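Visitor: I'd like to ask you about the structure that follows.
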Amino acid sequence: MTKEEREKEIERVMELLPQQPDNPKAAIRQMEERGLLNGDVIVYKCDMFYDPLQDRRRQGVICHCSACGDSWWTEKISAGPTTGCSRSLHSVGFENFDGAVWHGNDTMCPQCGAEVKARHVSTFGAAAETYIDGDHCLTVHEAGGHLAVLDWYVEKKVDKTGGIHHHIHGYEGAVVIDRTFYRVSGHSRAMGGGDVWFKWTRRKGRVYDMTAVCKSCQLIPFADELVARTDADKSGFEDYCRSVNDSDGFLPCSYLQLWCRFPQAENLVRTGNARFVTGLIVASQVRDGSYWTSYEYFSPNNTRTYADWKKTKPHEILHLEKDEYRMLTGRAFETINYYLSIKDDYGVRLTPDLLEKAERIGVMKCREITKDKKHYGRTVSPVRVINYVFRQKMAVAGTTLTFYPSDLLDHWRMLKDYYGEVPVSMMFPADFWRHHEWLTQLIADRVNKELNEKIQRVTEQARRYAWEDAETGLLITPARCAEDLKAEGAALDHCVATYAKRVARGETTIFFIRRIDAPDVPFFTLEYKNDKVIQNRGYKNSGRTEQVQTFETRWLAHIEELKKEENRSGQSDADGKRGDAAA
C-alpha cells in the first residue's frame, strides 16, 4: 500500500467510524448494571400549593427524585446555612424524613430510598438541564475491514422536573489499518477549559494510551467474530480483553500498539499471559512533557528490556525454558520478572511454592531485600529470605503486629551498628519481634550510657551552683543523667526529657528545684543558659509561684557572689605568681 493509498484509506475509515455506540440504550443499561452512572439528585424548588386542611394556598417545596422519578411536596425551610459573613446563595431548604436538607447536602429519597444529593433549581440557570454524573464506556467496531476501539464519554444530566437524559460523546480511540496504529479523537479541550465535541478525526503527535481512564468493567461486550472480520484478526485482541481485569490493569489500545510493533505479542496473549503483557506495557511507559503538563505514554521499543521480540516462541520471548514457562504461565509481570532476576543474579530457580509465598508477601517487597547478594558483608540466600519472611508473616497473622521484609533489613542494620558486623547466628532469629525488642533495648542502653557520661562531664561545673535556701524552704541541683530528665518530665508532665541531647552537647543546663523537706519530689524545672534563666516551669508547664520567683532571684544573687569570689581568688593567685616571679 503506497502512501497515497494509505491516506485515502484512513480518510475512508474516518467516515465509517460510528458517531454513537451501536446500541446506546443497551450500553447505558450495561453501565448502570455494573455500578456506573449511579449519581442521582433531588431537584427542589419553592412553590405554592393548596392546603385543603386550611383551605388556602401556602408556600412549600416541590421535590423531584431522579432515581425513581417520583415527586412530592414537603415543608419549606428558610434562612439556610451561611457562607462566610453572608447567607448561602441557595438559602431555601426542605424538610426530609431525616431532617432539614439544603442545597449540596447528601440525603435519601423518602420514596425509593436511593442515596441522592439535593440540588436547588436556581443552580440550573438558563439551562434546561444540568450535569450530575458521567463515565466512560469502551466499544469495539469493524470499520471498512479494520479494527476500531472507541472510548465514549457518557454524560448523565437531569432537568428541572427530575427527568434523566444521557448524552454520549466520542472521546478518544484507536484504529488499526494494515498493522499500523492510528489515534483518533472526538473531543478537544477549549481555551476556557471546557470540552468541545465533534465527529471522529485523526490526531497526530505522540500516541499514548487513550483508554487509560477506562476499566475493564466499562468495556461493552463484543463478539470474537467482529475482530475476525478485520485485518487485526491475528492480534489476539479478543483474548487480551477476556483475560485481564482491573486489578491487573486494562490497556487495550496500548496492547494494539504493541502488537502493531511486535506481532509476537499475540503468542503471549494466546497462551494465557495477558497479565504479563499488561505489566510489560506499564513497565515500558515513559514520562514526557513539561513540569506542568507531564504525562506517561507507552513506548513499545522499551519492552525489549523484558522481552526478546526476535524470537517467536513464547518461552523464548521471555528468556525461559519450556518447563519454566509452563510453571509461570498466567502469573503477573512482577512475578515472572522477579523469577528471572533471581535466576540471573543467584543462579537459583524458584519453585512454584516459593513463588506463591513471594506473591503473598508482595513481590516488590521481596525484591527489596534480595536485590543485593550481600548485606553488610553477609551473603543472603533468596530461598531462605522468602521462607523466613513468609514464616514470620504467618506467625503474626491475626495479631496487631505486622512483618515486612524491610523490618528484616532494619534488624540487620541494627546488628551492624551494635556489634560492628552482622553475626550469622542472629540474622534469622526464630522469634523475630522478641529478638528485635531485645536488640533495641541493648542499643538504647548503650546510647543512654554514652549520653549520661556526656551529661555528667558537661554538668560537672554546674554542681557548684547547687544551693539550699532556708528562707524559702527550697533547694536547687543540676540534672545528673538522662533518666533524671525523663523522670522529671513524667512527674511534671512537660517536655524536659527532650533536652537531654542539648544538655550533653553543652548547649544548656537543666536544674531541678525541690522543697528541702521533700528533695526527691519534682517541683519546678529551671533552664539556665548564657548566665540567664531561660525558663522555669512547674506541673504542666505552669508559671512560677511567688515562692519560686523569690528563690530564683536569691539563687541568681548567690551565683553572682560565687563568680565574684572566683574572680577575686583568681586575681590573688595571679598576683602571687607575679610576686614570685619578681623575687
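Visitor: With a 1.4 Å probe and all protein chains left in place, how much of the accessible area of the chain comes from carbon and sulfur atoms, in whole percent? Display every interim value, and only then the final one.
Guide: Details: 14910 of 30730 Å².
Carbon and sulfur atoms account for 49 percent of the accessible area of the chain.
Visitor: Also, quick follow-up: Net charge around Glu527, counting only other residues with Cβ within less than 11 Å of its Cβ (Lys, Arg = +1; Asp, Glu = -1)? Write out the running numbers ahead of the final one.
Guide: Numbers: positive: Arg502, Lys529, Lys532, Arg537; negative: Glu507.
Local charge sum for Glu527: +3.
Visitor: Considering only C-alpha atoms, what is the centroid distance from the range 392-428 to the range 489-519, in Å?
Guide: 35
Visitor: What do you get when you divide the Cα radius of gyration of the range 208-283 by 2.2 N^0.38 Å, with N the number of residues? Show your work: numbers first, answer last.
Guide: On the way: Rg = 11.4 Å, N = 76, 2.2 N^0.38 = 11.4 Å.
Dividing the Cα Rg of the range 208-283 by 2.2 N^0.38 Å gives 1.00.
Visitor: Per DSSP helix of 4 or more residues, -39500 (n - 2.57); summed, then divided by the residues of the chain. What does that give at 222 nm, rounded to the nearest 500?
Guide: Numbers: 18 runs with 214 residues, N = 583.
Roughly -11500 deg cm²/dmol at 222 nm, from the helical runs in the chain.
Visitor: Moving on. From the P(r) of the chain, can you give the percent of Cα pairs sitting at distances over 34 Å?
Guide: Values: 115406 of 169653 pairs.
Of the Cα pairs, 68 percent sit more than 34 Å apart.
Visitor: Hey, what's the chain come to in accessible area per residue, 1.4 Å probe, Å²?
Guide: I get 53 Å² per residue for the chain.
Visitor: In addition: Would you please put 92-102, 306-316, 344-354 in order of how densely packed they are, using the mean number of other Cβ atoms within 10 angstrom per residue and starting with the highest? The partial results should precede the final answer.
Guide: Values: 92-102: 17.5, 306-316: 15.5, 344-354: 13.5.
Final packing ranking: 92-102, 306-316, 344-354.
Visitor: Further, regarding this structure: By a straight-distance test (C-alpha under 13 Å), which aspartates and glutamates pair with Lys45 as possible cross-link partners, with residues fewer than eight away in the same chain excluded?
Guide: Glu75, Glu95, Asp159
Visitor: Now, a different point. Could you give the radius of gyration (one decimal) and Dmax (whole number) of the Cα atoms in the range 299-433, in Å?
Guide: So, for the range 299-433, Rg and Dmax equal 17.1, 54 Å respectively.
Visitor: Per-residue counts of other Cβ atoms within 10 Å, averaged by peptide: what ranking do you get for 32-41, 419-428, highest first?
Guide: On the way: 32-41: 16.2, 419-428: 12.9.
The most tightly packed comes first, giving 32-41, 419-428.
Visitor: Output the peptides 449-455, 56-62, 460-466, 508-514 sorted from most to least packed, where packing is the average of other Cβ atoms within 10 Å over each peptide's residues.
Guide: Descending packing order for the listed peptides: 508-514, 449-455, 56-62, 460-466.
Visitor: Moving on to the next point. Would you list, by chain and number, the lysines whose Cα falls below 20 Å from the Cα of Lys310, excluding same-chain residues fewer than 8 positions away?
Guide: Lys234, Lys322
Visitor: Of Lys532/Lys563; Lys76/Lys117; Lys25/Lys156; Lys449/Lys532, which ones are farther than 19 Å apart at the Cα?
Guide: Pairs exceeding the cut-off: Lys449/Lys532.
Visitor: Lys373: which lysines have alpha carbons under 24 Å from its alpha carbon, excluding same-chain residues fewer than 8 sequence positions away?
Guide: Of all the lysines, those that pass the test against Lys373 - Cα under 24 Å, at least 8 places apart if same chain - are Lys343, Lys357, Lys365, Lys393, Lys416.
The values are calculated or read from the model by the stated rules, or taken from the named source; none is laboratory data. On a predicted model such as this, the values are computed, not experimentally measured, just so you know. Note that we place each Cβ from the backbone using ideal geometry, even for glycine, and neighbour counts take in every protein chain shown. Just so you know, the surface numbers come from the protein's heavy atoms only, side chains and all, with ligands and any DNA or RNA stripped out. Shrake-Rupley method; radii C 1.70, N 1.55, O 1.52, S 1.80 Å.
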